[in-house]
Amino acid sequence: MSTTAPYGSWQSPITTDLIVSGAIGLGQIALDDEDIYWAELRPSEGGRMVVVKHTPDGETTDITPAPFSARTRVHEYGGGAYLVHEGVVYFSNYADQRMYRQDQGGDPQPITPETDMRYADGCFDSARDRIICVRENHTSEGEPVNAIVAVDALGQGEQQVLSQGSDFCSNPRISPDGSTLAWLTWDHPNMPWDGTFMLVASFNDRGQLGEPQVVAGGRAESIFQPEWSPDGVLHFVSDSSGWWNLWRWEDGQARQLTSRNAEFGKPQWELGSGTYSFVSEELIACSYNEGGVWKIAMLQIESGMLLAVYTPFTEMGRGDIRAGDGKIVFIGGAPTLPVSLVLFDLASSKWQELRKSSDLDIDPGYISAAQPVEFPTEDGKTAHAFYYPPKNPDFQGPAGEKPPLLVKSHGGPTGAASSALGLATQFWTSRGIGVLDVNYGGSTGYGREYRERLNGKWGIVDVDDCCNAALHLVSQGEADGDRLAIDGGSAGGYTTLAALTFKEVFKAGASLYGVSDLEALAKKTHKFESRYLDGLVGPYPENQDLYKQRSPINHTDRLSCPLILFQGLEDQIVPPSQAEMMFDAVLAQGLPTAYIPFEGEQHGFRRAENIKRVLEAELYFYSRVFGFELADSVEPVNIENLPD
């Protein structure tokens, strides 16, 4: 029999200690003969990234020895930090950003010089025994210089610059016969999801590239993941139709392979991951997002027939997929399944989880599954979200009381909410607090037109959608309109601060490394995003007035509710000054506020103790603001200006 208790006060088995114990992040898959490799983020090891190997006999081994961490800082967001060729692992090490070679059974040995350069997104050039990859050169004043370079596999000889001149480049991929390279480029102010060019060029006898040819893309066409089929035909994903679909370049022409209102691509925040892979010359294993739900299918290249692959996994937006030797390996999750590394056997259609992001066995009675929500928003449009109602078999709320609601605004802002089981979400729902994860206009997964709703309107469309999503649930009787909170990290932190400043819907909020001053961000951030705001707000300084108008830091007199801020002190993307300025301003307003900085953390929190602290501190903050008692004992937060 369940106990009646106020929402927010429910005792839950999903504790922060449970969440961080053994929890890992899963990324970048590589197949080498019959062996499967992947990258593992381990908060319990200080956020170290480890390359892991799984062999056909079922043995799983860590490849990256401590203290090495296979993580690159190209574009600051990294990705594509390692590659494998014939059992040899090549990886970028986080501490010094040098590339290392690790032979089987051996220790890592550096193959790049000790200088301020970063490497990522490589492929192996077997004909010339070298790695072709993206290099980001930070040795000179001004913006770093990005190039496609060749690095000798033994670290001998000078690096060769193969392509340079564009602001950005990615995805160097060599044809199976070693004769041709394909890669992507783009220039300021574009981001890769705005417009990219796909180039190809042939190698000469000296291993240099001839004159490149643009074969696809443009300033308003986003190309994603160029790949060569086993028989040497170039494939890619293009959104020229308004949706990221699969294409093929052959006989001097591009041929569309899929034509669906679905996304076979995703925003390239990180390098090295993909949405499709070749099973054979005739068959592609692919993942795609249709209506906010990810699916896997087999594409017959010649006929264009898309055959469904049935698994319970419906979330792959942050994952990867690789095919080979009668199998598909992918990273996926589902509303009741944590993100996992999955091996799918093509012959038997059976799947198994090789590694889970969490091995915890939690009673399903405590799990609140994501419920897709469509809601009306401004200008007669519809937007999307995932709703997680409060759920705990041991408790129920008092009669007539509605639960608090925590609205989440995802980062990016060109990104998407995940519907996969996440214990950080269940942390809230199992205590009696509903969660609404909003895919506001500008999010990915719903086509280019939906993605472009945010163009020139960051701080308006996203804020309106988060507010309208919350009000929609209130109107449906699902939430207490007087206990609405909002949180978000990075760009989602900006949406949170803007919603709290310019609207009166939310009664409290939490910003995790969020942007408070758009003008300061336009003046000082890293190269990859240095012109991102041109599209989201407008070119700077021509639109300086607009930047000032939409910056919460300039309008704190309009903020009328409590705010807590969390910040990594080594953040190079959103500097700590952004949180510090906002805290000082809110403090001066006399509003309840708190600021918790973290030494050694960058953009996002990777250490177990800090992940734990953020969750508990945010819960404690809301308990004091909304007036409910906590069932757990947590470390108090020093809340300034809190009434007695």
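Some notes on this structure:
- Residue check for K350: in the same structural domain as L436 (by TED's automatic domain parsing) and surrounded by fewer than 23 Cβ atoms within 10 Å (Cβ to Cβ): no
- Restricting attention to segment 257-283, the residues that are surrounded by 24 or more Cβ atoms within 10 Å (Cβ to Cβ) and either more than 16 Å from W244 (Cα to Cα) or acidic (D, E) (or both) total 2.
- Residues that are in contact with a Lys or Arg (Cβ under 8 Å, 6 or more places away or on another chain) and either at positive phi or at pLDDT below 95 (or both), drawn from segment 200-235: G207
- Selection within segment 310-359 - β-branched (V, I, T) and farther than 30 Å from D17 by Cβ: T311, I321, I328, V329
- Within segment 104-127, tally of residues that are surrounded by 17 or more Cβ atoms within 10 Å (Cβ to Cβ) and either touching a residue at least 40 places away in the same chain (Cβ under 8 Å) or not in a strand (DSSP E or B) (or both): 11
- When R558 is tested against (1) under 29 Å from the mean Cα position of the chain (by Cα); (2) surrounded by fewer than 17 Cβ atoms within 10 Å (Cβ to Cβ), only condition (1) is not met.
- Residue check for G217: within 16 Å of R255 (Cβ to Cβ), touching a Gly at 6+ places or on another chain (Cβ under 9 Å), in the same structural domain as S273 (by TED's automatic domain parsing) and not β-branched (V, I, T): yes
- Checking H138 against (1) closer than 26 Å to D205 by Cα; (2) surrounded by 13 or more Cβ atoms within 10 Å (Cβ to Cβ), the condition it does not meet: (1)
- Residue selected from segment 320-347 under the condition among the small types (G, A, S) and more than 22 Å from P364 (Cβ to Cβ), by the criterion surrounded by the fewest Cβ atoms within 10 Å (Cβ to Cβ): A347
- Out of L630, L619, one residue alone is under 30 Å from S21 (Cβ atoms) and either within 26 Å of the chain's Cα centre (by Cα) or part of a strand (DSSP E or B) (or both). It is L619.
- The helices (runs of 4 or more DSSP H) falling completely within segment 442-524 that include 1 or more residues that are touching a residue at least 40 places away in the same chain (Cβ under 8 Å) and β-branched (V, I, T) map to 461-475, 491-502.
- Restricting the search to strands (runs of 3 or more DSSP E) fully inside segment 1-93 and requiring at least 1 residues that are buried (at least 16 other Cβ atoms within 10 Å of the Cβ) and at pLDDT 95 or above gives 25-32, 35-42, 48-54, 82-85, 88-92.
The values are calculated or read from the model by the stated rules, or taken from the named source; none is laboratory data. Computed from a prediction, not measured in an experiment: that's the story for all the values here. Cβ atoms come from the backbone with ideal geometry, glycine included; neighbour counts cover every protein chain shown.
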